[in-house]
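Take a look at the structure set out below.
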4 protein chains.
Amino acid sequence: MRVTLIKHTPEPELLIASAARLCYSASGIEQIVQRMTPEEVDRMLDQLLSSGHLSPFEHASFSFGVEGISRAASHQLVRHRLASYSQQSQRYVSLRRLEYVVPPTIKERGALQQEYEAAMESVHRLYLRLLEEGVPAEDARFVLPNATATRLVMTMNARELMHTCSIRLCVRAQWEIREMFALVRAEVVRVAPRLGRELKIKCDRLGYCDERESCGLYPLKGEVLPGSA
Amino acid sequence: MRVTLIKHTPEPELLIASAARLCYSASGIEQIVQRMTPEEVDRMLDQLLSSGHLSPFEHASFSFGVEGISRAASHQLVRHRLASYSQQSQRYVSLRRLEYVVPPTIKERGALQQEYEAAMESVHRLYLRLLEEGVPAEDARFVLPNATATRLVMTMNARELMHTCSIRLCVRAQWEIREMFALVRAEVVRVAPRLGRELKIKCDRLGYCDERESCGLYPLKGEVLPGSA
Amino acid sequence: MRVTLIKHTPEPELLIASAARLCYSASGIEQIVQRMTPEEVDRMLDQLLSSGHLSPFEHASFSFGVEGISRAASHQLVRHRLASYSQQSQRYVSLRRLEYVVPPTIKERGALQQEYEAAMESVHRLYLRLLEEGVPAEDARFVLPNATATRLVMTMNARELMHTCSIRLCVRAQWEIREMFALVRAEVVRVAPRLGRELKIKCDRLGYCDERESCGLYPLKGEVLPGSA
Amino acid sequence: MRVTLIKHTPEPELLIASAARLCYSASGIEQIVQRMTPEEVDRMLDQLLSSGHLSPFEHASFSFGVEGISRAASHQLVRHRLASYSQQSQRYVSLRRLEYVVPPTIKERGALQQEYEAAMESVHRLYLRLLEEGVPAEDARFVLPNATATRLVMTMNARELMHTCSIRLCVRAQWEIREMFALVRAEVVRVAPRLGRELKIKCDRLGYCDERESCGLYPLKGEVLPGSA
Ligand SMILES: Cc1cc2nc3c(=O)[nH]c(=O)nc-3n(C[C@H](O)[C@H](O)[C@H](O)COP(=O)(O)OP(=O)(O)OC[C@H]3O[C@@H](n4cnc5c(N)ncnc54)[C@H](O)[C@@H]3O)c2cc1C
Ligand SMILES: Cc1cc2nc3c(=O)[nH]c(=O)nc-3n(C[C@H](O)[C@H](O)[C@H](O)COP(=O)(O)OP(=O)(O)OC[C@H]3O[C@@H](n4cnc5c(N)ncnc54)[C@H](O)[C@@H]3O)c2cc1C
Ligand SMILES: Cc1cc2nc3c(=O)[nH]c(=O)nc-3n(C[C@H](O)[C@H](O)[C@H](O)COP(=O)(O)OP(=O)(O)OC[C@H]3O[C@@H](n4cnc5c(N)ncnc54)[C@H](O)[C@@H]3O)c2cc1C
Ligand SMILES: Cc1cc2nc3c(=O)[nH]c(=O)nc-3n(C[C@H](O)[C@H](O)[C@H](O)COP(=O)(O)OP(=O)(O)OC[C@H]3O[C@@H](n4cnc5c(N)ncnc54)[C@H](O)[C@@H]3O)c2cc1C
């Protein structure tokens, strides 16, 4: 799996903080953008985050290249709707080679992995035969497995990144999409460390786990807030 | 494949027309809703449609049960973002039986269909073995094919239905998702005929085909509007 | 101010619970919809709510008539984007009579209220004069105040209603939009009591206040979860 | 009125074209981004535009500062929902000076303009008095006119910019929001000329006018496509 930040809004934290400052200020926009010091930017982000005023985070946008995730993972990923995707088509692109993902639980079981790989090769041979017989790629791909690797460009703004990370970094999420969002986070940290640190699991923001069973990272809500449902 | 309209906004056409009338009227809302005659509703819908003022169509919402489409189709479907989906999970539900879709281009080629079905059985056997060996369903499903049938509940408002039908009823769309939206259309026609008729392919609204090659239903834009790009 | 539920998805709670059940079940959709008992519906809603799995709530949609709120309030309202609005136009409708809202803080100050009303009458007279002089309504309305009453039809699904109520029922929100969402809530309670009860202020769900200062209803986060930021 | 492009995705056209190319290509993402020539970018944009495949345009994002538009215009503006706004608050910011917009139809009528300005001053005096009497700014502003100038930061991606320009550059739109989007367009042209040229009125794309009456720029649909509704 490979996640690369291709392009992003320059100076994303300054943009977010300036937009937020504008709401409460009588000054002009350019003046605000030009005069905010890094400390003021940090303080503003703190305020917005601690009080849940997240709309200014939408102004900063990040575009990633994502490669080598399974179609099982990409089907889950594209359920996030406040985002944009361009994904390699299995209708227009014939897969001469089959790249596929092997889940760790299968890798751990050596013998099974061999069967798994044999199965992959076998369906790929059938896929190629179907193409040869004149079946269009969009139909031949019906035999391809969920494991098949895919490529896509994904764009999300910082608010949606905060949202997706909050649920996709949780142990309840599928391991592969968790891994993917951990890489997304690392890429953002590289260019916007303050923002990157906010791409975190929901319990980290809530102060408790709101799932039915906790992984142990945080106590359940009922444990820390007795009397709450 | 099976598409069933489960629930929908009652009197959707009246609601749309009344909301639109409100924009241009000094009257109260309930008065408008109560007094619009079926003819006035029709005339208002005509006006909105012919002038592309589509936002009032958002007030009417339709929820469908969709069963027996492939995961190949559902992956395309959920790319439509102004909509809501609840889909049977391959992480939480183990598939004791494998239901799958066979594309017509494979059915047409008798011998291939047999191989196709044998391949389906073979991966399903592997899937079950993986489960037995303790591989979690979310990982075992990596071997399952795109052909695997899925079930989901989908909710769209009338504007998004108009949009999705406009591109998914076109011959450029995958045959299965076309079939699905033809059934969606038929369900809407049953309860809201005027609205249902507007769930149509984009060339039918444009008056020309804006794809690079026409299927023949409508001439290309350049043919009817010479001089246009 | 007047808020009326005009139309809504029939049996909204059953639809939400059935859609959620489908995710975890091997059964068919209609079977689920037909067989869920009211107790099972309630239990499913509890589970979804307590674990923050809110997407199934999107399937149920509610359309309200809203009348007699100020343009100050409607400008805030339409910032909620996962919603649909049809609002009486000040461009197409000339306001022969000026209906306007008087904030309680002005009503409380008797003498000021008189000045306030005199000012309203005075700008309305100017508005009418501008119309007479041939200024189009869309320009004459430049003199009309924020206080001017407006009418609109608003459609939101249950998830967005939960979100908007969570922030607009808070004391930090403007009094008028708070009042409006209290009426929205009451209308939903009437037809879907279980759902209606969930249209509540965010601290009620969180178990603490995440604003900088609490109104006293709940303690601040730092007070109940020491060590959290 | 003042519109400034504050920040934008770097190399927006390259990003859009690369994302689109990925859909149809077996190559890796970075390879595509690095190797596309300006001519290939142009050709890809042409293809996407002429066939209405607009989703790749969403990857490029533009953030503008907008100052000196009326609250009448901003209320219309924020109806565009696939966008993000941070607007100067009339609840948190007290307006010591009243900046306001004068419509051309009023400027043309010299005497009226004087009355208009007198009315502005008079309501502003009342506003200041209300503040003095202890009325909170959020209520005092009820007397402020639609004409009051506002400031905001607005972020839209290129697809939404194409959509908003298509309807807001039309003569049917309010003159002020038209002017604003003409400035938006000019700002985009400056940094991404190919893209900027596509921010155009809908008839320019359709090849005809789909409103009820044409301004004369393009003939009505029925005139160029006889037989169409
Ligand atoms: C024939 C065909 C081939 C395709 N091939 C590919 C492919 O190879 N690779 C691929 O990745 N996808 C492909 N797609 C999917 C396509 O790119 C869209 O993602 C999908 O059709 C969803 O449509 P939509 O974006 O118009 O709208 P929806 O998500 O249904 O949204 C409806 C409308 O809302 C607006 N909208 C929604 N969200 C946004 C936003 N964030 N910004 C701006 N406007 C927005 C747009 O006006 C849009 O038309 C294909 C689709 C078709 C029909
Ligand atoms: C552990 C886990 C298990 C899951 N299991 C299933 C499953 O079995 N079946 C299944 O179908 N899905 C499942 N999902 C997917 C889930 O239901 C969501 O569809 C997906 O996570 C997208 O998240 P979202 O809806 O919060 O937000 P996004 O689409 O990312 O949107 C972001 C936010 O915008 C708002 N929003 C966006 N669109 C709307 C709208 N139309 N109405 C109201 N608010 C909106 C919401 O506040 C939302 O949180 C699962 C997800 C997780 C993490
Ligand atoms: C000349 C003119 C007159 C107008 N008069 C009035 C009036 O009298 N009263 C009034 O209330 N409004 C009026 N409007 C506003 C208009 O109804 C729209 O609300 C506004 O233009 C926003 O445009 P939009 O809905 O196309 O898109 P956006 O919100 O910009 O969204 C972009 C696109 O995304 C899709 N989309 C976004 N959200 C949804 C959704 N929830 N469901 C389905 N599709 C969605 C649509 O394809 C849409 O075109 C007027 C607008 C114009 C230009
Ligand atoms: C007390 C108070 C004070 C305010 N003061 C100001 C002010 O001074 N200036 C100002 O401009 N606004 C102000 N607002 C408005 C505020 O910033 C939001 O624009 C408004 O409340 C809409 O809420 P929302 O963004 O959460 O959600 P909605 O538009 O209702 O959307 C619902 C959810 O969907 C998701 N979502 C929707 N669209 C996007 C997107 N494009 N990207 C990522 N996620 C998205 C988010 O999760 C969001 O919570 C204020 C609001 C309140 C309650």
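Observations, loosely collected:
- Residue match in the range D:178-199 (condition: touching a residue at least 24 places away in the same chain (Cβ under 8 Å), within 12 Å of another protein chain (Cβ to nearest Cβ), in a loop (DSSP other than H, G, I, E, B) and within 20 Å of the chain's Cα centre (by Cα)): yes
- Hey, residue A:123 over 30 Å from residue A:159 (Cα atoms), without any contact (Cβ under 8 Å) to a residue 60 or more places away in the chain, not hydroxyl-bearing (Ser, Thr, Tyr) and not in a helix (DSSP H, G or I) or not: no
- Residues that are more than 7 Å from every other protein chain (Cβ to nearest Cβ) and farther than 24 Å from residue C:137 by Cβ within the range B:15-34 comprise B:16, B:34, listed in sequence order.
- Among (1) at the interface with another protein chain (Cβ under 8 Å from one of its Cβ atoms); (2) in contact (Cβ under 8 Å) with a residue 40 or more places away in the chain; (3) surrounded by fewer than 15 Cβ atoms within 10 Å (Cβ to Cβ), the one test that residue D:102 misses: (3)
- Scan of the range A:43-57 for residues that are out of contact with any Asp or Glu (no Cβ under 8 Å at 6 or more places or on another chain) and either of a type in the set (Asp, Glu) or part of a loop (DSSP other than H, G, I, E, B) (or both), ordered by number: A:46, A:53, A:54
- Figure legend. Inter-residue proximity from the range C:74-97: first residues under 13 Å from residue B:27 (Cβ atoms), second residues of a type in the set (D, E, K, R) and more than 10 Å from ligand 4 (Cβ to nearest atom), beta-carbon distance below 7 Å, spacing 6+ or different chains. Indicated pairs: C:88/C:151.
- Residue in the range B:111-122 that is surrounded by fewer than 18 Cβ atoms within 10 Å (Cβ to Cβ) and modelled with pLDDT under 95 present: yes
- Test: residue in the range A:87-98 that is within 16 Å of ligand 2 (Cβ to nearest atom), within 14 Å of chain D (Cβ to nearest Cβ) and out of contact with any Lys or Arg (no Cβ under 6 Å at 6 or more places or on another chain): no
- Consider the range D:217-227 and keep the residues that are buried (at least 17 other Cβ atoms within 10 Å of the Cβ) and assigned to a loop (DSSP other than H, G, I, E, B). The one that is modelled with the lowest pLDDT is D:225.
- Qualifying residue in the range D:87-97 (condition: part of a strand (DSSP E or B) and within 17 Å of the chain's Cα centre (by Cα)): yes
- Residue within the range C:85-97 that is within 16 Å of ligand 4 (Cβ to nearest atom) and not assigned by TED's automatic domain parsing to the domain that holds residue C:198 present: yes
Matching residues to (1) in contact with a helix residue (DSSP H, G or I) (Cβ under 8 Å, 6 or more places away or on another chain); (2) within 16 Å of ligand 2 (Cβ to nearest atom); (3) assigned to a helix (DSSP H, G or I); (4) outside the structural domain of residue A:188 (by TED's automatic domain parsing):
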{"residue": "A:73", "(1), (2), (3), (4)": "yes, yes, yes, yes"}
{"residue": "A:82", "(1), (2), (3), (4)": "yes, yes, no, yes"}
{"residue": "A:118", "(1), (2), (3), (4)": "no, no, yes, yes"}
{"residue": "A:141", "(1), (2), (3), (4)": "yes, no, yes, yes"}
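- Given (1) within 16 Å of ligand 1 (Cβ to nearest atom); (2) surrounded by fewer than 17 Cβ atoms within 10 Å (Cβ to Cβ), number of the condition residue C:58 does not satisfy: (2)
- Test set (1) within 14 Å of chain B (Cβ to nearest Cβ); (2) farther than 28 Å from residue B:81 by Cβ; (3) within 25 Å of the chain's Cα centre (by Cα); (4) more than 16 Å from ligand 3 (Cβ to nearest atom) - residue C:12 fails condition number: (2)
- Tally, over the range A:1-47, of residues that are among the β-branched types (Val, Ile, Thr), away from ligand 1 (no atom under 16 Å from the Cβ), within 17 Å of residue A:191 (Cα to Cα) and surrounded by 20 or more Cβ atoms within 10 Å (Cβ to Cβ): 3
- Residues of the range A:206-216 satisfying the condition of being free of Cβ contacts under 8 Å to residues at least 40 places away in the same chain and either assigned to a helix (DSSP H, G or I) or more than 10 Å from chain C (Cβ to nearest Cβ) (or both): A:206, A:214, A:216
- Counted residues, the range C:1-42 - those being assigned to a helix (DSSP H, G or I) and farther than 29 Å from residue B:59 by Cβ: 4
- Pick from the range B:156-177, criterion more than 10 Å from the chain's Cα centre (by Cα) and either within 11 Å of chain A (Cβ to nearest Cβ) or assigned to a strand (DSSP E or B) (or both), ranking: farthest from ligand 3 (Cβ to nearest atom): B:175
The values are calculated or read from the model by the stated rules, or taken from the named source; none is laboratory data. Predicted, not measured: the structure shown is a model, and the values here were computed from it. Neighbour counts are summed over all protein chains in view; Cβ atoms, including those assigned to glycine, are modelled from backbone coordinates with ideal geometry.
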